[in-house]
Amino acid sequence: TWTDPRELDTCKQKWVVDLAASPDGTRIAVACEGIPEVRLQPLDGGEVVKIFDVKRPERFAWSADGAWLATTSVDSGNLLVIDVAKRAVARRVATSITERPDAITFAPTGTVLAWSDQREYTKEKVRLWDVAADNEVGAFDTALAATAIAFSHDGTTLAYAQDSGVHTLAVVNLATKQ
């Protein structure tokens, strides 16, 4: 039988906007409504740690090694990559994320970050950014918002869901870009 879950008051009775478990499974990154910071909650129930001040963090993605945590900020229009150990921004990528954050995820290799970028309502892209090199390494047009993004386990394939009235799934071989 299951026991009652342990409740952690990470957001002090505020709404949890997003959360993501670290790759090693020891902590969760948490964004709380009305609290302008990124928080880490140890899963053993330890003390919550603020790792960075950011206004309205919305989505999270961990690098495979847990060294970086990416987050979108609705108010800043930036995609932030936080060095978790240093509690500082390692990269600030200017994006067009203005109304709402879109899907973000790291490739299993750990250095490439993919996100859905909404420049104009009908001219959206899934962008690939090499965090270590600090430059864009690819972009794919989408009909409308890419609502979810995933890499294959080996990082050679990218899949994204599109919401263009007809929900579709696009799959791209990153080596051939097809």
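The values are calculated or read from the model by the stated rules, or taken from the named source; none is laboratory data. This structure is a prediction, so every number in the text was calculated from the model and none was measured. We place every Cβ from the backbone using ideal geometry, glycine too, and count neighbours over all the protein chains shown. Ligands, DNA and RNA are stripped out before the accessible areas are found, and what is left, the full protein with its side chains, is counted by its heavy atoms. Shrake-Rupley method; radii C 1.70, N 1.55, O 1.52, S 1.80 Å.
The longest part of the chain holding none of the exposed loop chymotrypsin sites (Phe, Trp or Tyr not before Pro), meaning those outside H, G, I, E and B in DSSP with at most 13 other Cβ atoms within 10 Å, is 16-120. Extension gain for the segment Asp141 to Asp44, taken as residue separation times 0.36 nm less the Cα-Cα distance, is 30.7 nm to one decimal.
Suppose we look only past 29 Å in the calculated P(r) of the chain. What percent of the Cα-Cα pairs does that tail hold?
Working: 3400 of 15753 pairs.
Of the Cα pairs, 22 percent sit more than 29 Å apart.
Using the heavy atoms of the protein chains and a 1.4 angstrom probe, tell me the accessible area per residue for the chain in square angstrom. Write down the numbers at each step before the final one.
Working: 9660 Å² over 178 residues.
The answer is 54 Å² per residue.
Peptides 29-35, 5-11 ordered by packing proxy, namely the average of other Cβ atoms within 10 Å per residue, highest first: 29-35, 5-11.
Measuring nothing but protein heavy atoms, the accessible surface of the chain at 1.4 Å probe radius is 50 percent carbon and sulfur. Between Ala94 and Gln178, the modelled labels are 3.6 nm apart [label points 7 Å from Cα along Cα→Cβ]. How many nm is it between the label spots at Thr168 and Ala148, if each spot is 7 Å from the Cα in line with the beta carbon? Taking the two extended label points, one gets 1.8 nm. Straight-line reach from Lys12: taking Cα to Cα under 18 Å and skipping same-chain neighbours fewer than 8 places apart, the lysines in range are Lys50, Lys55.
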